[in-house]
Amino acid sequence: MEKSVGLISMGSYMPAKEILGEKKDKLVKFLREKTLLKKEYIDMIDSTEKLPGEIVTNFDGWEKEPWFEAWLDNLPSKKRDKDPFSGTEERRFVPMDPDSLKKSIVPHPMLASDAETLSGAIAILNSDIDMDDIDLVMAHSQVPDLSIPANVSLIQHKLNLKNAGAYSVDTCCSSFITMIEIATALIKSGIKKNILIVASYIGSHINDKSSYYSPAIGDASIAAIISEVEDGFGYMSSHATSHGGRHDAIIGHSREPNLIMKTSHSPNYTQQFATFYNPVAIKEMAEYALDDINEVVEKALEKAKIKVSEVDFFVSHQPAKWAGDAWREKIGIPKEKFYEQYEKYANIANCSAANNLLEALEKGLIKANDNVLIASPGAGENHIALLHKVNQRLVKNVRN
């Protein structure tokens, strides 16, 4: 009989998230004794009972700034007049890196590998397996520490997962779902047994706050453990497509901020920013957004031999306020079977669908035996949908 494989644990690093009492003490002890996370970050958790970072409101990040009126003037008129913040109310940002504060005149935010170490540690703590039994780490760092090499070996090292290999997987914002698909196949085949998957988006590293889309960018890291589960549960099916002709719609682009006034002796402010680059490809992405997701969902349902009415819950990426509900309506999922938190977190890229899944589990919106549909596009452009039957082990572990 073919093995049943699925999620058995999840954990999130959301900046400024409260972690109280015994949970906080347990996490601090684990981080100090088992990981190589910087002491300063662990001390922040211990003293504040919150994960490191801050909640940034529209006022904090934009409205109080002296350049706010200039920012408004540069917005497209329909955005300026209707809602300049495009439906966002707040977003989470990581703290500044303690070493860079002490040793650099130009400090930088927390590195992705530290955020990933935190989410990975929480997923391990939420699980019922020994960390030495994890035999593979798979990761996608959407804003990695370095362009080359990928972060994944560093995550394995910082978490002291001495028996684990490390694979990097990249389908941009859809990478978390892609990693579930690949990890499932590796475990079903007998090649691996317990796989930790990690996704991170430290958007504050590449956010030009003078661009119109900047309020829609947040920071996060999400992790999960995938393993063999009870027969009939876990991974059900998946389907993916790619449209490489839209590859340069959204890219990391080296440029100066949109709002800048320089003198002849000003420093060079060029850096890599997330940029809506090719207007033709962007228009095509928007034009086919609903059909592309619907296509992969229909194919995943067909492979699982179930109807959309048999889907108990739906979670998706949240790149814009309208997106999740538009996909839900196109697929035919009722609102009570859907969860998103765009106003609270904004676009957290490869962490969006995963965090919506985790929070829906934590809140009891998703229960054991539910058929959950997870779907996302990814810049490049990729699309994937995956169906997963939730087992009691996952529910118990995320709510412990």
Those residues of the stretch 158-184 which are free of Cβ contacts under 8 Å to residues at least 40 places away in the same chain and closer than 18 Å to Ile134 by Cα, in sequence order: Leu161, Lys162, Asn163, Ala164, Gly165, Ala166, Tyr167, Ser168, Val169
query: If you check Ala70 against the conditions, is it hydrophobic (A, V, I, L, M, F, W, C) and touching a strand residue (DSSP E or B) at 6+ places or on another chain (Cβ under 6 Å)?
result: no
task: Give the number of residues within the stretch 118-157 that are surrounded by fewer than 22 Cβ atoms within 10 Å (Cβ to Cβ), within 25 Å of Gly53 (Cβ to Cβ) and touching a residue at least 60 places away in the same chain (Cβ under 8 Å).
output: 2
statement: Among (1) surrounded by fewer than 16 Cβ atoms within 10 Å (Cβ to Cβ); (2) outside the structural domain of Asp170 (by TED's automatic domain parsing), Ala240 falls short only on (1)
message: I want to confirm something. Restricting to the stretch 43-66 and keeping residues that are surrounded by 14 or more Cβ atoms within 10 Å (Cβ to Cβ) and in a loop (DSSP other than H, G, I, E, B), which single residue is farthest from the chain's Cα centre (by Cα)?
response: Glu65
message: Within the stretch 52-62, does at least one residue satisfy the condition of being over 15 Å from Asn207 (Cα atoms), aliphatic (A, V, I, L, M) and not assigned by TED's automatic domain parsing to the domain that holds Tyr345?
response: yes
- prompt: Among the residues of the stretch 261-276, is any without any contact (Cβ under 8 Å) to a residue 12 or more places away in the chain and of a type in the set (Val, Ile, Thr)?
  reply: yes
field: Subset of the stretch 188-203 (residues that are in contact with a Gly (Cβ under 8 Å, 6 or more places away or on another chain) and in a helix (DSSP H, G or I))
entry: Gly203
- request: Please specify each residue of the stretch 15-34 satisfying the condition of being within 19 Å of Pro95 (Cα to Cα) and in a loop (DSSP other than H, G, I, E, B).
  value: Pro15, Ala16, Lys17, Ile19
- prompt: Restricting the first residue to the stretch 1-13 and requiring it to be in a loop (DSSP other than H, G, I, E, B), which pairs with a second residue that is crowded, with 19+ Cβ neighbours inside 10 Å meet a Cβ separation below 7 Å and a spacing of at least six or different chains?
  reply: Lys3/Ile187; Ser4/Val229; Ser4/Phe233; Ser4/Gly234
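The values are calculated or read from the model by the stated rules, or taken from the named source; none is laboratory data. Being a predicted model, the structure only gives us computed values, none of them experimental. Reconstructed Cβ throughout: ideal geometry from the backbone, glycine too, with neighbour counts over all protein chains shown.
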